[in-house]
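Below you'll find the structure, written out as structure tokens, and then a few comments.
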Amino acid sequence: MDRTLIKDLRSVIGQTIKLQGWLQTLRDQKKIQFLILRDPTGLAQVAHWKPNDEVLAELIAKMGAETALTITGKVIDNPIVKLNGLEIQLESLEVDNMAEIPLPFDPFAETLPTIDYRLDWRYMDLRRSVNALLFQVQTSVEMAMREYWVKNKFIEVHSPKLMGTPSESGAELFSLDYFERKAYLAQSPQFYKQMAMAAGFERIFEIGPVFRADPSFTSRHMTEFTGVDMEISWINSHEDVMAFEERWLQYIYTRVKELHGDAIKKQFGVDLVIPEVPFPRIPMREAVEILKSRGYALPADKKGDIDPGGEREIAAYVKEKFNHDFVFLTDWPISVRPFYHMRIPEDQTLTRSFDLIACGLEITTGAQREHRVEMLQKQALEKGLHLEPIQFYLDFFRYGCPSHGGFGLGLSRLMMAMLNLNNIREVVYIFRGPTRLNP
Ligand code: ATP
């Protein structure tokens, strides 16, 4: 017999069907047992008349909540049943996997244990329907990203995560033994994205793992995360990259709203707003002045960078002034940007770069890249880098490489902004942090 999903029960009233799912609760009465069965599409009440089968009644009485079951039974229209006005009269029951008693925690209880405890038992935590929805939405987000890229003639690449040299800086770098030498885990696909531009691919994207040996314990950093990266050729400035990203994001939000808008509203209380383009753009110099005028003091050690509090304050300003949830902060000082960001010709202290802030959270860094090899060498030396280890990268720009730029976006950061969640541990499938390598 094929499995019937709980959402389809109304169309099979009067028939004997098969259901598969988890025992959410059991009400064991004198003559009758009510099993509330859950599958990914809903809950159903299954009734077992004890005198029909006393042995089965004993088995059911011993079953722990969350036991995995296959049952067959007849579907009856019963308006008294609060769930959905339907009842299944049990005919047979098979235990696929008995749940031990007690559970590490009850994922359906009103009060949940701390996030750290739930992460120890992540598979139980993921049984909550809000989590299933989160990952359905994330699947649609990635689908929409790809749809937009493919429509716009992008090529997908998968760059190696084992590297012979660091791609960014020595900090935040994981190293490992690689036969007779050291290897490093990629901190970003930056160099290889740019190689695709030198290869003439013109428009590429990659969704893949990124590793950062960042020892901090914030609500938005992980030591391994999924990076969403793209790079495009023949651009005039970082403006072309921002213009692409905002339309791409608008498309993603449109698709997600079509597919999950109602469910997101119900489960997360979020009325998804499709962002209007263009997103507001504020040069960093101006952003610092705006913050000052609002009485927000940036920490002295930031030297032209902005801290998370500042990001939230700028987002509040943009919301008040433009009624927009997104803002591009542009033209960052060279002191806080890597050597490969192109400088602004009229002001060599600034770069053609941007961050995208969504609902007060940084989700993207992007830039036009320096594609002229002499400039790149000069900028690398200024940053105190040795040229020899990055020579293979510098070579990309020696034999005809177009102007280009792109961005990197953290998938989980986007999910946080979209669903209004404030801890990345809740959003990622399995969290990796300085003190967490399990499960
Ligand atoms: P932050 O300032 O928040 O530490 P970053 O400037 O180091 O981020 P980039 O190197 O520009 O970040 O990476 C691009 C994007 O990747 C970021 O905008 C963010 O969305 C995401 N990201 C960066 N570091 C992390 C991390 N440790 N965990 C999760 N996502 C991250």
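Below 13 angstrom from the Cβ of ALA144, what's the summed charge of the other residues (Lys, Arg +1; Asp, Glu -1)?
So the environment of ALA144 carries a net charge of +2.
What is the distance in Å between the Cα centres of segment 13-35 and segment 366-438?
Segment 13-35 and segment 366-438 have Cα centres separated by 53 Å.
Are any of the pairs LYS30/LYS62; LYS161/LYS378; LYS18/LYS82; LYS31/LYS62 more than 18 Å apart by Cα-Cα distance, and if so, which?
As for pairs spanning more than 18 Å Cα to Cα, those are LYS161/LYS378; LYS18/LYS82.
May I ask for the net charge around VAL288, where only other residues with Cβ less than 14 Å from the Cβ of VAL288 are counted and Lys, Arg are +1 while Asp, Glu are -1?
That works out to -3.
What is the Cα coordinate range of segment 199-307 on the first, second and third principal axes, sorted by size from largest, in whole angstrom?
46, 44, 34
What's the exposure ranking of THR254, THR351, going from fewest to most Cβ atoms within 10 Å?
In order of increasing Cβ crowding within 10 Å: THR254, THR351.
At q = 0.14, 0.17, 0.19, 0.30 Å⁻¹, what base-10 log of I(q)/I(0) does the Debye formula yield for segment 248-299 when every alpha carbon is treated as an equal point scatterer in vacuo?
-0.60, -0.69, -0.72, -1.09
Before anything else, pin down the relative contact order of the chain: Cα pairs under 8 Å, at least 6 apart, normalised by residue count, whole percent.
Once normalised by length, the contact order is 13 percent.
Give the value in nm², to one decimal: projected area of the alpha carbon convex hull of segment 137-253, averaged over all directions.
Reported value for the Cα convex hull: 9.0 nm².
Just to confirm the number: angle between the C-alpha axis of helix 308-322 and the first principal axis of the chain, 0 to 90 degrees, nearest 10?
Orientation of helix 308-322: about 90 degrees from the principal axis.
Can you grab the distance from the C-alpha centre of segment 166-245 to the C-alpha centre of segment 273-320, Å, no decimals?
Segment 166-245 and segment 273-320 have Cα centres separated by 25 Å.
Can you give the log10 of the normalised intensity I(q)/I(0) at q = 0.09, 0.19, 0.21 Å⁻¹, computed with Debye over equal Cα scatterers of segment 18-156?
-0.38, -1.11, -1.26
What is the log10 of I(q)/I(0) for the chain, computed with the Debye formula using one identical point scatterer on each Cα and no solvent, at q = 0.09, 0.13, 0.14 Å⁻¹?
Evaluating at q = 0.09, 0.13, 0.14 Å⁻¹ gives log10 I(q)/I(0) of -0.70, -1.15, -1.28.
Under a Cβ-only charge scheme (Lys and Arg +1, Asp and Glu -1), can you give me the dipole magnitude of segment 56-177 about the Cα centre, in debye to the nearest 20?
Dipole of segment 56-177, to the nearest 20 debye: 460 debye.
In debye, nearest 20: dipole of the chain around its Cα centre with unit charges on the Cβ of K, R (+) and D, E (-)?
360
For segment 1-72, what does the equivalent ellipsoid look like in terms of its semi-axes, each the square root of 5 times an eigenvalue of the Cα gyration tensor, given largest first in whole Å?
Listed largest to smallest, the semi-axes of segment 1-72 are 21, 14, 10 Å.
Kindly provide the Kirkwood hydrodynamic radius of segment 284-439 in Å, to one decimal, from all pairs of distinct alpha carbon atoms.
Kirkwood radius, segment 284-439: 17.6 Å.
Along the positive direction of the dipole of the chain (beta-carbon charges: Lys, Arg +1; Asp, Glu -1; about the Cα centre), which of TYR296, ALA199, LEU90 reaches farthest?
Selected residue: LEU90.
Every read-out reported here was derived from the displayed coordinates using simple, explicitly stated rules and does not represent laboratory data. In this text, all values refer to a predicted model and were calculated from it rather than measured experimentally. Cβ coordinates were reconstructed from backbone atoms using ideal geometry, including for glycine residues, and neighbour counts include every protein chain displayed.
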